[in-house]
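The values are calculated or read from the model by the stated rules, or taken from the named source; none is laboratory data. Because the structure is predicted, anything quoted here is derived from the model rather than measured. Virtual Cβ from ideal backbone geometry, glycine too; neighbours counted across all protein chains shown.
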Amino acid sequence: MEAPAVPNLTAPRPTPPGRRDLATLPKAHLHLHFTGAMGPTTMVEMARTQGVRLPPHLLHIDTASMPADGRGWFRFQRAYDSARAFMNALSKSVQ
């Protein structure tokens, strides 16, 4: 009895009829929202290294212990805006 064929999962799929090859399509500029991808402890450490005081809501690293009214989209947006302001100020001080 023969073993079943194992598919090659890394091989590119053939381009379906009527479609253009993905490799030939123009690419958009992609970027990473660095601030949102940064871990809270990294930002706290960067602030400590630079002698910058962070707002208290950025120091609350354990979100599981945060009260329910401190979670959600508005908390995220406030924290993200504060983190972005910190990173912008930090980048200007380095230049």
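Evaluation of residue 15 against the conditions (1) modelled with pLDDT of 75 or more; (2) under 23 Å from residue 92 (Cβ atoms) shows that the sole unmet condition is (2). Scan the stretch 7-29 for residues that are assigned to a loop (DSSP other than H, G, I, E, B) and either more than 31 Å from the chain's Cα centre (by Cα) or hydroxyl-bearing (Ser, Thr, Tyr) (or both) and the total you get is 8.
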